[in-house]
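Below you'll find the structure, written out as structure tokens, and then a few comments.
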Amino acid sequence: MTTLEDLKTRRARIAVVGLGYVGLPLAVALARHFDVLGIDISHKRVDELTNGRDRTGEVSAEGLAGAPVAFTCDAKRLKEAAVVIVAVPTPIDEHRAPDLTPVIGATRTVGANLAPGAVVVYESTVYPGLTEEVCVPLLEEHSGLKCGRDFFVGYSPERINPGDKQHTLETIVKVVAGQDGPTTDLLAGMYGSVVKAGVYRASSIKVAEAAKVIENTQRDLNIALMNELAIIFGRLGIDTLEVLEAAGTKWNFLPFRPGLVGGHCIGVDPYYLTFKAQALGIAPRVILAGRAINDGMGRFIAQACIKGLIEGGVLVKGARVGILGFTFKENVPDLRNTRVIDVLAELADYGVSVLVHDPMADGDEARAEYGIELCGLEGLRDLDAVILAVPHAQYQDLGLSELRGWYRGQAAPLLLDVKGRFTQAEAKAAGFRLWRL
């Protein structure tokens, strides 16, 4: 097996497979200390990175220029690597079951180009056991090598939070696990070279896999509780955020907030755990109950809009509603698993004409993935309601007085503020009817 010294002296190379939100920041960080090869199946992605641009916004042009990563689509170059890190997406399919297509495809490619003695590390979120039960047999099949003798495997779950410039790769403790002690030592040394927060050695690969999948499951359940409370308080005529502010004065109250839960982590990872649980004959009632609540919030928000239109005397069919924000969270361009689409789809079912604006989203991607045509701010006129769905930084200077000019003929225009950007007092002073989740 390659030693840490081999990596540090650049006698051995590291390859990162998958250059998205997880793989690219990792490749750039490692390249400051090691010889790094960055591999992606997308020629468009490799070309833009080679030209110094990251459309995800996770790495700046200066960061790319300062990190000598060799970007390529040539999988055969994996044979040059002593350590291969797999950082591909692990989405769910239309039935909310794990879609292992990317990780299986990457594993087959790595196996077909695996150098003897190499270490393969997975960062993709999976259910406990997948690395050893699914990936290892594929690596052996396509390489003709034997795991534990001719190559070795490990797992180090990604903890990237897209758009977060405070909690970055370097500042979040890295969990590592190898199939044996020497492999764990190598991974701890490699990751420890770039992660200032330190490394945590898990006792096994399964423990590391489970730790990752429950991180987001726990957060998903906490948000589900807040969403359920929002539904209850709405019926009671109480402002949810005001309740949470009051409760938050106690030292041990957790500061979770209601909202749309999308993206490629929180809205997806729990299904990997429930899939494994069901395969074992266990009915994961609490986890799936939380998922059902969170998956239904888009419909709830849309119905709140419909009720608000009716209360304002607006004819629902043919009403014009503007939605601000379409990505899965604020200040990122990522459209994967955005739950804003649920709001839009429900409104469309009522015959509402919906106009969507998002300064971060790629128009071609929105069209290809969701059939949505994004509009400019100038297109948001003659509206009957506005839904501030995703509070991007670009919307922070958008005041109520400017918003007022977007409506048509309403004395008290309807504004739905999903993340609580505006207070009830300021909205009332500006003449709005404000609904907050």
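The values are calculated or read from the model by the stated rules, or taken from the named source; none is laboratory data. Small disclaimer: the values here were computed from a predicted structure and weren't measured. Quick reminder, even Gly has a Cβ in these numbers, built from the backbone with ideal geometry, and neighbours come from all protein chains shown.
What to note about this one:
- Scanning region 110-124 for residues that are among the polar types (S, T, N, Q) and surrounded by fewer than 24 Cβ atoms within 10 Å (Cβ to Cβ) turns up just one, Asn113.
- Strands (runs of 3 or more DSSP E) lying entirely in region 1-101 (those with 1 or more residues that are aliphatic (A, V, I, L, M), in contact with a strand residue (DSSP E or B) (Cβ under 8 Å, 6 or more places away or on another chain) and in contact (Cβ under 8 Å) with a residue 60 or more places away in the chain): 13-17, 81-86
- Evaluation of Ala67 against (1) touching a Lys or Arg at 6+ places or on another chain (Cβ under 9 Å); (2) closer than 26 Å to Asn331 by Cα; (3) surrounded by 20 or more Cβ atoms within 10 Å (Cβ to Cβ) (one fails), failing number: (3)
- Scanning region 126-148 for residues that are among the hydroxyl-bearing types (Ser, Thr, Tyr) and either buried (at least 24 other Cβ atoms within 10 Å of the Cβ) or in contact with a Pro (Cβ under 6 Å, 6 or more places away or on another chain) (or both) yields Tyr127, Thr131.
- Boolean, Ile231 is assigned by TED's automatic domain parsing to the domain that holds Leu273 and free of Cβ contacts under 8 Å to residues at least 60 places away in the same chain: no
- Conditions (1) under 22 Å from His33 (Cβ atoms); (2) in contact with a Lys or Arg (Cβ under 7 Å, 6 or more places away or on another chain); (3) of a type in the set (Gly, Ala, Ser): number failed by Gly198: (2)
- Region 334-345, residues that are within 15 Å of Met360 (Cβ to Cβ) and crowded, with 21+ Cβ neighbours inside 10 Å: Asp334, Leu335, Thr338, Val340
- When Ile223, Ile238 are screened for being in contact with a helix residue (DSSP H, G or I) (Cβ under 9 Å, 6 or more places away or on another chain) and free of Cβ contacts under 8 Å to residues at least 12 places away in the same chain, only Ile238 passes.
- Close pairs from region 117-139: first not assigned by TED's automatic domain parsing to the domain that holds Phe151, partner aromatic (Phe, Trp, Tyr), Cβ under 8 Å, at least 6 apart: none
- Of the residues Val332, Val314, Val340, Val321, the single one that is outside the structural domain of Leu225 (by TED's automatic domain parsing), under 20 Å from Ala230 (Cα atoms), in contact (Cβ under 8 Å) with a residue 60 or more places away in the chain and of a type in the set (A, V, I, L, M, F, W, C) is Val340.
- Residue check for Val195: in a loop (DSSP other than H, G, I, E, B), closer than 27 Å to Val332 by Cβ and in contact with a helix residue (DSSP H, G or I) (Cβ under 8 Å, 6 or more places away or on another chain): yes
- Taken together, the residues in region 337-360 that are in a loop (DSSP other than H, G, I, E, B) and farther than 11 Å from Thr327 by Cβ amount to 3.
- Set Gly322, Gly296, Gly308, Gly363: member being over 23 Å from the mean Cα position of the chain (by Cα) and surrounded by fewer than 23 Cβ atoms within 10 Å (Cβ to Cβ): Gly308
- Any hit, region 171-186, residues being farther than 26 Å from Ile266 by Cβ, part of a helix (DSSP H, G or I) and hydrophobic (A, V, I, L, M, F, W, C): yes
One line per residue, one yes/no per condition, for (1) in contact with a strand residue (DSSP E or B) (Cβ under 7 Å, 6 or more places away or on another chain); (2) without any contact (Cβ under 8 Å) to a residue 60 or more places away in the chain; (3) outside any loop (DSSP other than H, G, I, E, B):
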site	(1), (2), (3)
Glu369	no, yes, yes
Pro391	no, no, no
Gln394	no, yes, yes
Ser401	no, yes, yes
Ala411	no, yes, no
